[in-house]
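What follows is a short report on a single structure.
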Amino acid sequence: MGDFVSKEINETIHFFEGPKPRLHEFHFAWRILIEFIKGFRTLHFIGPCITVFGSARFKEGDEYYEAARTFGKEIAAIKFTTLTGGGPGIMEAANRGAFEAGGKSVGCNIKLPFEQSPNPYVQKSITFHHFFVRKVLIVKYSYAFVIMPGGFGTMDELFETLTLIQTKTIKQFPVVLFGIAFHTPLLNFLIEMINAGTITKTDLDLILLTDDVKEGMAHITHYMKTNFSMAPRKKQWWLFEK
């Protein structure tokens, strides 16, 4: 597994080094297409999802781990699928909460040489080689986003999601920032961006900063009820999905 991961990372490094022979570029584009198709096949019928983002480094017993676990249970209670990056830490906690509550638990994992191995609480899982493919598919199947404390990856996922909402590339889905002490400096910086005119106040309208799981879920469910209606999806098997 380690050699395979190293090979994938080396190929990505080569891609970012600049132009390559056209046949190499075609093979790279083909592998990305195949990765998307595999993602569509795996995730097409998982149902409407709420995604929980957060650090892979929090352990069981940590306050944020336990809060993410509660989010998973609450998401299951409203019959939505809990979707995460599929790894340890916050991701494991949210999947675990959903799994323990009898809800649907799905993970979109990423191949890394450290940290990121699939957690045991996902009922359906897919592993990606490329971060951008993974992010596209996570956002594609999500109707709301819970952002727990995290590092660079979590911040990347948060700001890409906010950019897609701001530019109306995706619908105005609600975003819950969980952890007031952790996220207040970030929110203050966003206010500075408003003051500088680089974003508008309305760009933050769908963001809720809270330390209360139930308040976060109420924010999500209120928006769902007032903006969406869910209709059963007819299963049409067009890519030999299982």
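The values are calculated or read from the model by the stated rules, or taken from the named source; none is laboratory data. In this text the structure is predicted, and so the values were computed from the model without any measurement. Cβ sites come from the backbone with ideal geometry, for glycine too, and all protein chains shown count toward neighbours.
Observations, loosely collected:
- Of the residues contained in the stretch 74-95, none is found to be part of a helix (DSSP H, G or I), β-branched (Val, Ile, Thr), more than 15 Å from the chain's Cα centre (by Cα) and over 30 Å from residue 129 (Cβ atoms).
- Qualifying residues in the stretch 37-56 (those that are surrounded by 15 or more Cβ atoms within 10 Å (Cβ to Cβ) and farther than 15 Å from residue 124 by Cβ) - the one modelled with the lowest pLDDT: 56
- Residues being farther than 15 Å from residue 108 by Cα and either assigned to a helix (DSSP H, G or I) or without any contact (Cβ under 8 Å) to a residue 40 or more places away in the chain (or both) - total across the stretch 20-72: 29
- Residue selected from the stretch 102-117 under the condition part of a loop (DSSP other than H, G, I, E, B) and at pLDDT 95 or above, by the criterion surrounded by the fewest Cβ atoms within 10 Å (Cβ to Cβ): 102
- Which listed residue, of 150, 216, is at pLDDT 90 or above, in a loop (DSSP other than H, G, I, E, B), touching a strand residue (DSSP E or B) at 6+ places or on another chain (Cβ under 9 Å) and small (Gly, Ala, Ser): 150
- Restricted to the stretch 170-196, and to residues there that are part of a loop (DSSP other than H, G, I, E, B) and either β-branched (Val, Ile, Thr) or surrounded by 16 or more Cβ atoms within 10 Å (Cβ to Cβ) (or both), the residue that is modelled with the highest pLDDT is 179.
- Residues of the stretch 86-108 classified as closer than 18 Å to residue 45 by Cα and not hydroxyl-bearing (Ser, Thr, Tyr), total: 10
- Criterion applied to 145, 132, 99 was being in a helix (DSSP H, G or I), aromatic (Phe, Trp, Tyr) and under 14 Å from the mean Cα position of the chain (by Cα), and the one residue passing it is 132.
- Counted residues, the stretch 82-98 - those being surrounded by fewer than 24 Cβ atoms within 10 Å (Cβ to Cβ) and in contact (Cβ under 8 Å) with a residue 40 or more places away in the chain: 0
- Scanning the stretch 154-165 turns up at least one residue that is of a type in the set (Ser, Thr, Tyr) and farther than 24 Å from residue 104 by Cβ.
- Residue check for residue 156: among the charged types (D, E, K, R), over 17 Å from residue 70 (Cβ atoms) and exposed (fewer than 14 other Cβ atoms within 10 Å of the Cβ): no
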